[in-house]
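Here is the structure we will look at, set down as C-alpha cells.
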Amino acid sequence: MADRHNHELFTRHPENPILSVRDWPYNANSVFNAAAAEVDGQTLLLVRVEDFRGISHFTVARSTDGIADWHIEPHPTLPPDPEGHPEELWGIEDPRITWLDAMQKWAICYTAYSKGGPLVALATTTDFKAFERLGPVMPPEDKDAALFPIQFEGLWAMLHRPVPKSPLLGAHIWISFSPDLKHWGSHQEVIHAREGGWWDAGKIGLCAPPIETKEGWLILYHGVRTTASGSIYRLGLALLDLEKPTRMTHRSDEWIFGPKARYEREGDVDDVVFPCGWIEKEGTVHMYYGAADSCIAYASANLEDVLDYVMKRGHSTFLFSELPPEMLI
C-alpha cells in the first residue's frame with residue numbers, strides 16, 4: 001500500500017503525463033479532464049480538448065493497456081452545437097461516462113457553458129460515434145454531474161453540484177432522481193462541504209462516477225481550498241448506502257490525493273488534480289485525471305485498500321434525511 005504519511009492512496013504512473021497536446025493529431029491548447037470507460041476490451045477516454053479560442057469539445061482516445069499507444073481520433077468527436085443547443089455556446093466541458101445496462105447505452109453527463117452560466121447536460125451513445133443530446137437537465141449554475149448505473153425504485157439518480165448565488169452558503173454535492181433522464185426532482189444535499197480550515201471547506205464537487213462496491217457506492221470528490229496564492233484541488237472519498245444513496249455512511253477526513261508532481265502544480269491552472277473518470281477492473285481502480293488543466297495523468301490503487309481506508313480512516317455519519325422517490329418535483 002502507498003505511503004499514508006504522504007497521503008498517496010493512489011500511485012502515479014512513472015510515465016505521467018500519459019496524454020498531452022504533444023500527442024494530439026490537430027492543433028489544441030490543452031487536453032485534460034477525461035471521462036473513462038472500458039469499451040470493447042479497450043480503455044476509452046472522452047477527452048476535454050480546449051482550442052485556441054478557449055472553447056472546449058470532446059475527442060475519443062483509445063488504448064489497449066490504458067496507459068500507452070493511444071489511438072486518437074483525427075477530428076473532434078463531439079463538438080459543441082450552439083445552433084441546435086444554445087446552452088453550448090461557449091463549449092462543453094468535463095464529461096463523465098456511465099453504462100446504463102437497462103437502456104443498453106452509455107450516458108454522458110457534461111457541463112454545457114451557456115450564456116447563463118455552466119449547467120448540466122446529458123447525451124447518450126452506443127458507439128461513441130453518434131450521440132443523442134437530451135439537452136440541459138439542470139439550470140445554471142451547476143456542474144460536476146454523473147449518473148448511477150442502476151435505478152432506485154424505478155428512478156435514475158444523478159449526483160451534481162449546484163452553486164448558490166451567495167458564496168457564503170458554500171457549494172455541496174446534491175442527488176436528484178428522474179423517471180426518464182430528462183425531468184429531475186427530489187433534489188437534496190448528500191455530501192456537505194465542510195467549514196473553516198478544512199481542505200474541503202466551502203466548495204466540493206463530484207469527480208468520477210460512483211462505483212458499486214460491497215461496502216456501498218464509492219464516491220471520489222474534489223475539495224477546493226483557497227490560499228493566498230490561489231486555489232488547491234485535492235481528492236477525498238465517501239461511501240453512500242447501496243440501496244439508499246441519499247444516505248452517506250462514511251467520509252474520509254484527510255485528502256487522499258493532491259497536486260505534488262510538477263505537471264500537477266504548473267499549467268494553465270496551477271495546483272489541480274481533477275479526475276472525471278476511473279475504471280475498476282479485477283480489484284484495481286484505474287484513475288484518469290486532468291493535471292493543472294494542461295494534460296492527462298494516470299494513477300492506480302487497490303480497491304480493497306481504498307475501501308479499507310475510507311471505512312477505517314474516515315468517520316461514520318448519518319447526517320442527511322431521505323426523501324421518498326415519489327416526492328419528485
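Numbers below:
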item: Listed pairs LYS214/LYS244; LYS115/LYS165; LYS143/LYS260; LYS105/LYS129 exceeding 23 Å between Cα atoms; result: LYS143/LYS260
item: Size of charge dipole - the chain - debye, nearest 20, with Cβ of Lys, Arg +1 and Asp, Glu -1, no other charges; result: 600 debye
item: Relative contact order (percent, whole number), the chain, Cα cutoff 8 Å, 6+ residue spacing; result: 16 percent
item: Most positive-pole-ward Cα, LEU169, PRO275, LEU45, against dipole of the chain from beta carbon charges; result: LEU169
item: Full-stretch length increase - THR226, ASP69 - with 0.36 nm per residue and alpha-carbon distance subtracted; result: 52.8 nm
item: Positive dipole terminus of the chain, leading residue within LEU134, HIS160, ALA35 (C-beta point charges); result: HIS160
item: Highest average packing first - 241-254, 204-217, Cβ atoms within 10 Å; result: 204-217, 241-254
item: With eigenvalues of the C-alpha gyration tensor scaled by 5 and rooted, the chain, Å; result: 26, 24, 20
item: Rg/Rh ratio calculated on Cα atoms of the stretch 23-144 (Kirkwood radius); result: 0.96
item: Peptide ranges 285-292, 67-74 listed from the most packed, as the mean C-beta count within 10 angstrom indicates; result: 285-292, 67-74
item: Charged-residue dipole, Cβ positions (Lys, Arg, Asp, Glu), the stretch 1-133 about Cα centre, Debye nearest 20; result: 220 debye
item: Full-stretch length increase - GLN104, VAL21 - with 0.36 nm per residue and alpha-carbon distance subtracted; result: 26.6 nm
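Throughout, read-outs are computed from the coordinates displayed, never taken from laboratory work. Nothing here was measured: the structure is a model prediction, and the numbers come from that model. Counting neighbours? That spans all protein chains shown, and the Cβs are built from the backbone with ideal geometry, glycine included.
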